[in-house]
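Below is one structure, written out as structure tokens, with a few remarks after it.
The values are calculated or read from the model by the stated rules, or taken from the named source; none is laboratory data. Nothing here was measured: the structure is a model prediction, and the numbers come from that model. Don't worry about glycine lacking a Cβ; one is built from the backbone with ideal geometry, like all the others, and counts go over all protein chains shown.
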Amino acid sequence: MAKFKFHLESVEKVRTQKEQKMLEELSLCQRAYQEKINAKKDLLSKKQSAFLQKNELASRDSSINEIRLAEDYILGLKQNIIRADQAIIRSRRFLDQAMRQYITARRERMMIDRLKEKAMEEFKIEQSRLEQKGLDDLITMRARLNHGPIDQEEEIA
């Protein structure tokens, strides 16, 4: 029996590699996005603790310089939070773009897979047809051997 050979095998390899590469890029973008979110969470927790520290300084009758320093620190944290939000937005755009590229690569690979499945079905049908033809020839040959050559007289009668 003949072995199945897909004529677009090299295209299939290329598309599979491309899909894998896009998946890796998507993974990197997801990791970067998650890191940006975690960085913002850290800034928010620092801001919360700085507020508590400032309130404590105000309740202890601390000097104005200490309170102002705490307020400046909180103001800097607020600016860093704004920057973190912008970085999250940028990272989300990259993540969306990477997701679209991965989905496109996956669709292209799946298209090749469907073509391969269709070619495999056609191959199986062709193989069964050839096998049936071989069996028919074998039966015909066996019948000729068992009955011998047909005489012209028998044909006329």
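For L95, the conditions (1) under 18 Å from the mean Cα position of the chain (by Cα); (2) under 30 Å from A119 (Cβ atoms); (3) surrounded by 13 or more Cβ atoms within 10 Å (Cβ to Cβ) all hold with the exception of (2). Given the structure, is R107 surrounded by fewer than 13 Cβ atoms within 10 Å (Cβ to Cβ) and in a helix (DSSP H, G or I)? Yes: the conditions hold for R107.
The condition (being under 30 Å from E122 (Cα atoms) and either of a type in the set (F, W, Y) or at pLDDT below 95 (or both)) is satisfied by just one residue among E71, E56, E66, E9: E9.
Only a single item in (1) surrounded by fewer than 13 Cβ atoms within 10 Å (Cβ to Cβ); (2) under 32 Å from the mean Cα position of the chain (by Cα) is not met by I64, and it is number (2).
The single condition from (1) over 42 Å from the mean Cα position of the chain (by Cα); (2) on the phi < 0 side of the Ramachandran plot; (3) surrounded by fewer than 16 Cβ atoms within 10 Å (Cβ to Cβ) that Q79 fails is (1). Listed conditions (1) over 39 Å from the mean Cα position of the chain (by Cα); (2) at pLDDT 95 or above are all met by R144, apart from (2). Out of I88, I67, one residue alone is closer than 30 Å to K21 by Cα, β-branched (V, I, T) and in contact (Cβ under 8 Å) with a residue 12 or more places away in the chain. It is I88. The combined condition, being within 30 Å of M99 (Cβ to Cβ) and surrounded by fewer than 16 Cβ atoms within 10 Å (Cβ to Cβ), is fulfilled by Q34.
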